[in-house]
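What follows is a short report on a single structure.
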């Protein structure tokens, strides 16, 4: 990823990010770790695909090739 | 995967994990083995895609490129 | 694949395994051969996607990149 | 592919094989040539996706990455 | 591709071929050029996905990774 | 791409081409630039997926791996 | 990407671009950074897939392999 994307990932560590996945799911949680393939570790994560039915998932490992968008917290 | 993801995988060995797969299926079982591509071996696994109709699958080998999310047990 | 996955494949040779494929099909048959890409050769295989309408396929070569899950026999 | 898969392909040359493709189509025809990527040349092929409406296709080149399953003739 | 597939492509140059594409479209036209990835140049091509509504497309460049099947003219 | 495909791309520069994309969209515009992966730059482009509701898009960068077909202007 | 695509990306920095993604979503925002894989960082971004229900997303990291089209501002 670009240096800038890397910087934003670093700044987002331990903050709540929103992740849209291929296939339409959306998860939200605290970013705990990432690598250059956008493999992510998230904590206190929940699946918020259906806004009214958030499902708590706790710790999550997300395989990077499923990531479409990541939205870090406002800076 | 990142060192952190690797660490969480190691800590999850012999514990029950939840795995969401491409195409929408979800399986749950005891993590018995993993590699860097997220190929997994699970035991006492069941397909819980339809919550009311869990299907016992026993031992499972999951091809890593189908993995979307892995949710390890609470720490 | 991991050493453990390899070991389970080896132990499953000549035994009946269940294979779930991308796109939703499921086949069952005796595992006759495999390689590191999970290309499989199966014998006495049948397509059991629709439980009530199993279709006999005889010998099968499965291209590994279509494999989602493999469920070996109980140990 | 494994040595065994290769052997079965070789034995199937000039015999009728069934090929299931990604996206759900099924073709049947005489196997005329193959390579290590499972690119196939078939002759006297027909598309038998809809059992009642087989469509004659004659000679066919199948791009290997579309192959899901190949079922050689009974041995 | 195999030597045989290459030979059939060569023999099909300047002849009408049928090409089935991922996603379900079918085009037909005169094969003008090909390469090892099955990238194709076709002339006087038409989209015949809907048999009753053939759409003339003229010259076409087809990206090889979309090709499922190619059916050359009878020999 | 083949030398011939490359030649046709070169001849199409500054001319209007039709591009069919994976997922079913079709765009039309003046070809301004291309590379070996079929990444394209188009100008005065419009999305003509729905024939009656063309949407003007102006300049466009198209990621090559989404391209299915390119139809250059008649020669 | 081609030199020309690169130039257009550079000219689009800090300007509002429209990005169509695989799976059908469309986002719009200020382009803050990009790399050769079309990984993007966008700011003040919103999901405008449903024109009447734009959703503010703020800063966004877009994984390049999901990008179909990018439409820079008029020059």
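Please treat every number below as a calculation from the coordinates, not as lab data. Here the structure is a predicted model, which is why all the values come from computation and not from measurement. Neighbour counts are summed over all protein chains in view; Cβ atoms, including those assigned to glycine, are modelled from backbone coordinates with ideal geometry.
Take the residues in the range F:30-39 that are more than 8 Å from chain G (Cβ to nearest Cβ) and buried (at least 20 other Cβ atoms within 10 Å of the Cβ), then tell me which one is farthest from residue G:8 (Cα to Cα). The extreme case among them is F:38. For the range F:1-22, residues that are within 22 Å of residue F:58 (Cα to Cα), out of contact with any strand residue (DSSP E or B) (no Cβ under 7 Å at 6 or more places or on another chain) and at the interface with chain E (Cβ under 10 Å from one of its Cβ atoms) total 1. Looking at residue A:50, is it within 12 Å of chain B (Cβ to nearest Cβ) and surrounded by fewer than 20 Cβ atoms within 10 Å (Cβ to Cβ)? Taking the combined requirement at face value, the residue does not satisfy it.
Of the candidates F:27, F:41, F:68, the single residue that is closer than 25 Å to residue E:29 by Cα and within 9 Å of the chain's Cα centre (by Cα) is F:27. Residue count for the range B:7-29, restricted to those that are crowded, with 17+ Cβ neighbours inside 10 Å and either farther than 24 Å from residue C:36 by Cα or without any contact (Cβ under 8 Å) to a residue 40 or more places away in the chain (or both): 9.
Kindly list, by first and then second residue, each pair from a residue in the range F:58-75 that is more than 7 Å from chain E (Cβ to nearest Cβ) to a residue that is surrounded by fewer than 20 Cβ atoms within 10 Å (Cβ to Cβ), limited to pairs with Cβ atoms under 6 Å and residues at least 6 apart or on different chains. Between residues of the range F:58-75 that are more than 7 Å from chain E (Cβ to nearest Cβ) and residues that are surrounded by fewer than 20 Cβ atoms within 10 Å (Cβ to Cβ), the close pairs are F:58/G:74; F:59/F:43; F:64/F:37; F:66/F:22; F:73/F:15; F:73/F:16. Of everything in the range D:53-66, what is touching a helix residue (DSSP H, G or I) at 6+ places or on another chain (Cβ under 8 Å) and buried (at least 23 other Cβ atoms within 10 Å of the Cβ)? Give them in sequence order. Within the range D:53-66, D:61, D:63 qualify. Residue B:42 fulfils the conditions (1) surrounded by fewer than 17 Cβ atoms within 10 Å (Cβ to Cβ); (2) more than 8 Å from every other protein chain (Cβ to nearest Cβ) except for a single criterion, (1).
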